[in-house]
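Have a look at the structure below, then the notes.
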Amino acid sequence: MAIRSLASRRTLAGLKETSSRLLGLRSIQTFTLPDLPYDYSALEPAISGEIMQIHHQKHHQAYVTNYNNALEQLDQAVNKGDASAVVKLQSAIKFNGGGHVNHSIFWKNLAPVKEGGGEPPKGALGGAIDTHFGSLKVLVKKMSAEGAALQGSGWVWLGLDKELKKLVVDTTANQDPLVTKGGSLVPLVGIDVWEHAYYLQYKNVRPEYLKNVWKVINWKYASEVYEKECK
Amino acid sequence: MSLDVGTGKTTMEPCLESMKTASLPDLPYAYDALEPAISEEIMRLHHLKHHQTYVTNYNKALDHLRSALSSGDHSSVVKLQSQIKFNGGGHVNHAIFWKNLAPVHEGGGKPPQDPLSSAIDAHFGSLEELMQKMNSEGAAVQGSGWVWFGLDKELKRLVVETTANQDPLVTKGSHLVPLIGIDVWEHAYYPQYKNARAEYLKNIWTVINWKYASDIFEKHNRGLNEF
């Protein structure tokens, strides 16, 4: 791997549960922003360095911060037996926790071209895609169409239905994780279609962003998840 | 509608034959007239691309609706409602939004006068408190949507409300009349404010057209004696 300056290097750390606090009878864990596995500019020209930096350091960080705040408030509410407050907090937990979960997957769904980004899936996943959709091209077309048609903010997903043992394309609204569409759904590839994911570069032209993002999709990661779930 | 006595069937004359198509309204001011609160770049994209797309897609959906109704394809009629709501709502909301804004030299940002001003004080305490409430609710919208200042014609009171995506205010209550709507979709502020939606909300008040809101309020107020 090339040596990069400290200022721009990001190494994969994944989802970390770094500190736990004991409050009453419960301890809560706080979450932290995972590092990007590549430089902010490494996905250019598909996704600009400016977008990657703001998306990671501002949007994802805000979800992490607000998720931690909501969990802390949840802890207090549970300890006090304040069921009303517990219920009221679910919206903030779902939105911010979902934002954290979804973006953590997203950074792994992307890779620079020189690290395999855009390289079509081989092996089991490649075969499954052909079986379920006809070809990778058809899958890409379907995901791009559904992503473009999404009203408002949300995500378009390629997922594995563990129970029915088939691949699916689905969309979720706002920061709803794929699992909200079905308890047996495992996300393989998620594409963020919130305007913040593309606007600075593509403006209103979401279909152009969707056309280009495939050049940096990390099919290796999707294959690993698929093979793991298929065991 | 005609009743075919023989078969008991009714037929509906196509009711959308003379349907008017929607069109993009002109902005009442130049694209750069709301600077520095809202950049020219945003105003151009927002009007010429986003609003225009809602108009185009709304017209297309209505066209499909006409065909579906003519052929009695009720499954398609129902299926089209999502497109009609989203794009029609986008058109309705943005048409209001352009009127909710005005350049500073045309009164943008100038506080409302009576009777709206007194009504605001009565319901929220002060104009400042109303703005704070709208800012915090607007900032808290999860995903895309709008924050509204509206009049509840039935309950005779002013309200602050939010709607998701392109849902018009009336989807929150059929007696609600929009006085001011602020678009909090990311496209409304991102090129200028990036992720800082709260900053956009803080600044937009400098170009809010209270004259228009007052006109609407007074129009509906004429029948209501209690404000």
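Within region A:151-166, residues that are closer than 24 Å to B:Y58 by Cα and away from chain B (no Cβ under 14 Å) reach partners that are of a type in the set (G, A, S) and buried (at least 18 other Cβ atoms within 10 Å of the Cβ) with beta carbons closer than 9 Å, at six or more positions or on different chains, in the pairs A:V156/A:S144; A:V156/A:G147; A:V156/A:G190.
Selection of region B:150-175 for residues being closer than 15 Å to B:N221 by Cβ and within 13 Å of the chain's Cα centre (by Cα) yields only B:G150. Residues that are within 14 Å of chain A (Cβ to nearest Cβ) and not in a helix (DSSP H, G or I) within region B:88-147 comprise B:V141, B:Q142, B:G143, B:S144, B:G145, B:W146, listed in sequence order.
Conditions tested, residue by residue: (1) assigned to a helix (DSSP H, G or I); (2) crowded, with 18+ Cβ neighbours inside 10 Å; (3) under 23 Å from the mean Cα position of the chain (by Cα); (4) not small (G, A, S).
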| residue | (1), (2), (3), (4) |
| --- | --- |
| B:Y29 | no, yes, yes, yes |
| B:D32 | no, no, yes, yes |
| B:I42 | yes, yes, yes, yes |
| B:H46 | yes, yes, yes, yes |
| B:Q52 | yes, no, yes, yes |
| B:K60 | yes, no, yes, yes |
| B:H64 | yes, no, no, yes |
| B:G72 | no, no, no, no |
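Scanning region B:181-213 for residues that are open to solvent by less than 20 Å² (accessible area, probe 1.4 Å), closer than 20 Å to B:G108 by Cα and in contact with a helix residue (DSSP H, G or I) (Cβ under 7 Å, 6 or more places away or on another chain) yields B:G181, B:I182, B:D183, B:V184, B:A188, B:Y189, B:Y200, B:L201, B:W205, B:V207, B:I208, B:A213. Within region A:186-231, how many residues are open to solvent by 20 Å² or more (accessible area, probe 1.4 Å) and aliphatic (A, V, I, L, M)? Going through region A:186-231 one residue at a time, the tally reaches 3.
A:V113 meets each of the listed conditions (1) more than 16 Å from A:V216 (Cα to Cα); (2) open to solvent by 60 Å² or more (accessible area, probe 1.4 Å) apart from (1). Highlighted here are the helices (runs of 4 or more DSSP H) found entirely within region A:77-164 that include at least 3 residues which are within 19 Å of A:H59 (Cα to Cα): A:83-109. Within region A:193-231, restricting attention to residues that are among the small types (G, A, S) and within 15 Å of the chain's Cα centre (by Cα), the residue that is farthest from the other protein chains (Cβ to nearest Cβ) is A:A222. Within region A:63-81, residues that are open to solvent by less than 40 Å² (accessible area, probe 1.4 Å) have Cβ atoms under 9 Å from residues that are acidic (D, E) in no pair, counting only partners at least 6 apart in sequence or on another chain.
In region B:148-167, which residue that is in a loop (DSSP other than H, G, I, E, B) and either within 14 Å of chain A (Cβ to nearest Cβ) or more than 22 Å from B:W210 (Cβ to Cβ) (or both) is least open to solvent (accessible area, probe 1.4 Å)?
Taking region B:148-167 and keeping what is in a loop (DSSP other than H, G, I, E, B), we get B:153-156, B:165-167.
Narrowing the set further to residues that are either within 14 Å of chain A (Cβ to nearest Cβ) or more than 22 Å from B:W210 (Cβ to Cβ) (or both) leaves B:154-155, B:165-167.
Details: B:E154: 112, B:L155: 101, B:N165: 41, B:Q166: 1, B:D167: 38 Å².
It comes out as B:Q166.
Scanning region B:187-212 for residues that are within 14 Å of chain A (Cβ to nearest Cβ) and assigned to a helix (DSSP H, G or I) yields B:H187, B:A188, B:Y190, B:P191, B:Q192, B:Y193, B:R197, B:A198, B:E199, B:Y200.
The values are calculated or read from the model by the stated rules, or taken from the named source; none is laboratory data. No experiment lies behind these values; they were computed from the predicted model shown. Virtual Cβ from ideal backbone geometry, glycine too; neighbours counted across all protein chains shown. SASA here: full protein model, heavy atoms, side chains in, ligands and nucleic acids out. Shrake-Rupley method; radii C 1.70, N 1.55, O 1.52, S 1.80 Å.
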